[in-house]
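Enquirer: Below you'll find the structure I mean.
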Amino acid sequence: MRAARSPSRASGTVPASGACCGAPVQGHASASRHRSRFGSERRIARILHFLRVPYTRRPGCAIIAGHEDCLHTKPPWLQEIFPWEQRSLSVNGRRMAYVDEGDRSGRPVLLLSGNPTWGFLYRDFIEPLRAAGYRALAPDWIGTGYSDHPRVDAALTLAHHIADLVSLMDQLELRGFVVVGHDWGGPQGVGAALQRVERLAALVLMNTWLFTGRLSRFHSSPRPWTTWHAPLLGPFFMRRHKVLSHAGPSALSRRAMTESEARAYHHVFDEPDSDHVVLTWPRTIPMREGDRGWDDMQAIERRLPELRSVPALLVWAPEDEVFPIEFAHRLKELLPQAEGPVPFERARHFLPDERGPELAGAVVEFLGRKAGARP
């Protein structure tokens, strides 16, 4: 069964709630709410444009004569530890940054990060994949890294992120691709793959989820999770004091980061009003029926049987309190062909950051057995 085609890139349209993976919309009310949010975003964008206020901001950009000038490159200190070129494409009306390294005839491997990280999370993967003959691509989701950072959150839903990745995949004409997903990179990457399932070659999932109806202790605890969802306290802690964007990777890691590594994560959110996605993502996790993102996640879960012939690997940090090992066991039930879960000790939530070289080696070995370096 072929997946539904993506929305038109030219029109910049995005699937409504529940339709992120080619599934029908789950009721008119959900679609109406989505259209209302998207319409409000367009109105805000027009007002900001009229006032000559940039609707989005990218790290390294300056406002010159009322317009955004993005001639600046990565700062020298970042270039030393993340030397690859940041390319970009227009996806659904915004610029999406990505790293693209390796032989263009090699099998594409999409390295997909989550909250509050960007392509820098996979800095230890790019060279091993390139050396093994693969094409390593590390996109920055809209709102993160060197992509556009919308000043409103209506375009930062699960369905929007999926549509953005599908647009990137189509424009780059990726075939025989591999999805490597951590945190939000799991559902957003698999959601996009389900729209192009005939092109998918393999899956690698780590400390993520693809289902509803299960909460970790972290997600159900009064602190920090419930606090982040509070109407006033959430923005106060998450955006004004940048609790997650500036401290999250360090606080949820076992290994002490270097000063440059920590700076690499938070400098992309240093601009005022640049971190809507950091708060929107937690509030989009579908913990209960009716939550924003619930219908979209259920649409992904319902279609997972279509992936049971796709080689898959589960690698996990058992010490992760955000997505504990029980989440890996649930994924194994949904994807019974998957190898693993392979435990990686001495790591917490940000597994690629803490055990990058060993994890990259495991991914290269798995792909060598199951997919090969040529699509």
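Enquirer: Give me the residue from segment 280-296 that is out of contact with any Phe, Trp or Tyr (no Cβ under 7 Å at 6 or more places or on another chain) and in a helix (DSSP H, G or I) and, out of that set, nearest to ASP148 (Cα to Cα).
Expert: THR280
Enquirer: Is at least one residue of segment 352-359 modelled with pLDDT of 95 or more, crowded, with 23+ Cβ neighbours inside 10 Å and under 21 Å from the mean Cα position of the chain (by Cα)?
Expert: yes
Enquirer: Pairs only if they're at least six apart or on different chains, beta carbon under 8 angstrom, first in segment 353-375 and touching a residue at least 60 places away in the same chain (Cβ under 8 Å), second outside any helix (DSSP H, G or I) and polar (S, T, N, Q); list them, first residue then second.
Expert: Close Cβ pairs (under 8 Å, with a partner that is outside any helix (DSSP H, G or I) and polar (S, T, N, Q)) amount to ASP353/THR117; ASP353/SER253; GLU354/SER253; ARG374/SER105.
Enquirer: Also: Kindly evaluate ILE126 against the criterion of being surrounded by fewer than 21 Cβ atoms within 10 Å (Cβ to Cβ) and at pLDDT 95 or above.
Expert: No; evaluated as a whole, the condition is false for this residue.
Enquirer: Please go through segment 69-87 and give me each residue that is touching a residue at least 60 places away in the same chain (Cβ under 8 Å) and outside any loop (DSSP other than H, G, I, E, B), ordered by number.
Expert: Once the filter is applied, which keeps residues that are touching a residue at least 60 places away in the same chain (Cβ under 8 Å) and outside any loop (DSSP other than H, G, I, E, B), segment 69-87 yields TRP77, LEU78, GLU80, ILE81.
Enquirer: If you don't mind, another one. Could you tell me whether GLU333 is part of a helix (DSSP H, G or I) and out of contact with any helix residue (DSSP H, G or I) (no Cβ under 7 Å at 6 or more places or on another chain)?
Expert: Yes, satisfied.
Enquirer: Would it be correct to say that GLU127 is more than 27 Å from PHE269 (Cβ to Cβ), acidic (Asp, Glu) and over 12 Å from the mean Cα position of the chain (by Cα)?
Expert: No: the conditions fail for GLU127.
Quick grid of which residues meet (1) hydrophobic (A, V, I, L, M, F, W, C); (2) at pLDDT 90 or above; (3) surrounded by 14 or more Cβ atoms within 10 Å (Cβ to Cβ); (4) out of contact with any strand residue (DSSP E or B) (no Cβ under 8 Å at 6 or more places or on another chain):
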site: PRO235; (1), (2), (3), (4): no, no, yes, yes
site: GLY248; (1), (2), (3), (4): no, no, yes, yes
site: ILE285; (1), (2), (3), (4): yes, no, yes, yes
site: ALA338; (1), (2), (3), (4): yes, yes, yes, no
site: PRO341; (1), (2), (3), (4): no, yes, yes, no
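Enquirer: When only residues in segment 139-172 that are among the small types (Gly, Ala, Ser) and within 20 Å of ILE285 (Cα to Cα) count, which is nearest to the chain's Cα centre (by Cα)?
Expert: GLY143
Enquirer: Would you call ALA299 under 14 Å from GLY213 (Cα atoms), buried (at least 16 other Cβ atoms within 10 Å of the Cβ) and of a type in the set (Gly, Ala, Ser)?
Expert: yes
Enquirer: Consider only pairs whose beta carbons are under 7 Å apart and that are at least six residues apart or on different chains; among these, list those whose first residue lies in segment 269-289 and is farther than 18 Å from TRP118 by Cα and whose second residue is modelled with pLDDT under 75 and not hydroxyl-bearing (Ser, Thr, Tyr).
Expert: Going by the 7 Å Cβ cut-off, the qualifying pairs are ARG283/HIS229; ILE285/HIS219; MET287/LEU215; MET287/HIS219.
Enquirer: Against the conditions (1) at pLDDT below 95; (2) among the hydroxyl-bearing types (Ser, Thr, Tyr); (3) within 22 Å of PRO311 (Cβ to Cβ), where does SER220 fall short? Just the number, please.
Expert: (3) is the only condition that SER220 fails.
Enquirer: Let me ask you something else. Do we find that GLY191 is surrounded by 24 or more Cβ atoms within 10 Å (Cβ to Cβ) and either modelled with pLDDT under 95 or small (Gly, Ala, Ser) (or both) in this structure?
Expert: Yes.
The values are calculated or read from the model by the stated rules, or taken from the named source; none is laboratory data. For clarity, every value in this text was computed on a predicted model and none was experimentally measured. Here Cβ is always computed from backbone atoms with ideal geometry, including for glycine, and neighbour counts include all displayed protein chains.
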